[in-house]
1. Over region 1-69, with every protein chain in place, what whole percent of the accessible area is carbon and sulfur at 1.4 Å, could you tell me?
2. Going from the alpha-carbon gyration tensor of region 1-148, what semi-axes, largest first and in whole Å, does one get by taking the root of 5 times each eigenvalue?
3. Angle between the Cα long axis of helix 109-122 and the longest principal axis of the chain, 0 to 90 degrees, nearest 10?
4. Pulled fully out, how much extra length does the chain show between Asp31 and Asp376, if you take 0.36 nm times their separation in residues and subtract their Cα-Cα distance?
5. Using a simple spin-label model with points 7 Å from Cα along the Cα→Cβ vector, what separation in nm is obtained for Ile354 and Leu63?
6. Which aspartates and glutamates have a Cα lying under 13 Å from the Cα of Lys142, excluding residues fewer than 8 positions away in the same chain?
7. Using a 1.4 angstrom probe on heavy atoms only, work out the carbon and sulfur share of the accessible area of region 229-382 in %.
8. How many Å² of accessible area per residue for region 290-421, probe 1.4 Å?
Amino acid sequence: VNVKIWKEHYTAVFRANQVLDNIDKVTFSSDTHKNDLVGQVKFLRSFYYFYLTALWDNIPLVLKTSSAADQPAQKTPDEIFTQLETDLTDAIAKLPSTRNTSEYGRPTKGSAYALLAKVYMQHHKYPDAIKCFEWLVDGEGKNYYDLTSNYGDNFSNKTENNKESLYEIQFSLMNRVGFDQTDNYRDPNAQLGTQIEMNQAPAGVGWDNIEARRWLVDYYKREKTVDNKNDIRLFYSVWYDQAGTDFPDRPDTMIYGAKWRNDWGSRVFIKKYSTDANPLYYWNDNNFRSLRYADILLLYAEALNEVNGPTAKAVECVNRVRQRVNLPTLENSTYYNGALITTDKTAFREHVKIERGLELSLECVRWIDLKRWGLDDQATINELKSRDDDFSNFVIGKSSRMPLPQTEVDNNPNLHQNPRY
């Protein structure tokens, strides 16, 4: 997996560089069209590098079409983030604010602002991130983005490209070319779906390759809604033994056409991005929401707090996310100490971590959050370990990044293996 992710990301970077290096050779009917393409490619290249940096930290930064003989220099996260900030600022200037339905899937100005804000957050440049959030939440972006009324609409194949989505990867079941497309990736009719659902579906239904930790269920159930019900995000996020009784008023408490199981014990399975398929199909056409407005609101709150403490605006952003799922405002919470959270910088910071865990669970943001908050002290690791046994073998100074593929290190004298590997 380590090598596969590396290879596929750098293949995408290579293609982006090809476009940027050759686009001036093409005649366009308008500069607007050309600039739009440049903006899209710079967004995508930044998107790939953002995740490469999140996983490996110290990586080659290749900005020109490469050849097999190249030996690119290794760059630090600081150097990479600085480059991404430049590229995404240019993308913002070139991308349109909206697109018509035939162009859904292409990044927009809002997509670039959101990704740039996330880069600034990882770079701990909170005032710069706030400027991006201001456009998205308080400026022009408020004309295009908002929370959906139904939390579950963010993970359904029937409600894609909605107002909460700033950027989502488009999937389709237009073509079904067989069980495995490994040898068909050059085929223009290749499968366009994703295997997320099959990989994470519960035992006996799908492959059960990944499961959630039980603490997630416990955390969702700590606080009741204003009408004394369980947090609906729990219903949409995971399958677990007691789900049927925890949500007795839900008409769709079925798992691929079958009744809730009651023999899973403490096991918890991932429900997000599941469909009502029956039987479960190998492929899934559910779009993956890579940049979501709720994520932006919580990051906005986090950035404001880091600069000025829990301002009224920071509290408002958190409350918007909470009230969407019918939880009380922080000030009126019956479980959390809202009076402390809304006045104390440290308390607000720690609470935002909980809010992000509940709102964005299982959406591929947790690792990025943990790295931003710091994985360099034993107290933090002990806290994580208390909820997740996977942190039992975490080594400070080593495990916060993956090892570079050794073949890359062996073939490039300018590339050095990450520390302690």
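1. Values: 2040 of 3590 Å².
Carbon-and-sulfur percentage of accessible area, whole number: 57.
2. Working: eigenvalues 131, 89, 35 Å².
In descending order the semi-axes read 26, 21, 13 Å.
3. 80 degrees
4. Values: separation 345, 0.36 × 345 = 124.20 nm, distance 4.76 nm.
Residue separation times 0.36 nm, minus the Cα-Cα distance, leaves 119.4 nm.
5. 4.4 nm
6. Result set, ordered by chain and number: Glu134, Glu164.
7. Values: 3050 of 5930 Å².
Carbon and sulfur together cover 51 percent of it.
8. On the way: 5690 Å² over 132 residues.
Counting only protein heavy atoms, the per-residue value for region 290-421 is 43 Å².
The values are calculated or read from the model by the stated rules, or taken from the named source; none is laboratory data. Predicted, not measured: the structure shown is a model, and the values here were computed from it. Heads up, the Cβs are rebuilt from the backbone with ideal geometry, glycines too, and the neighbour counts pull from every protein chain shown. Only protein heavy atoms, including side chains, enter the accessible area calculation; ligands, DNA and RNA are left aside. Shrake-Rupley method; radii C 1.70, N 1.55, O 1.52, S 1.80 Å.
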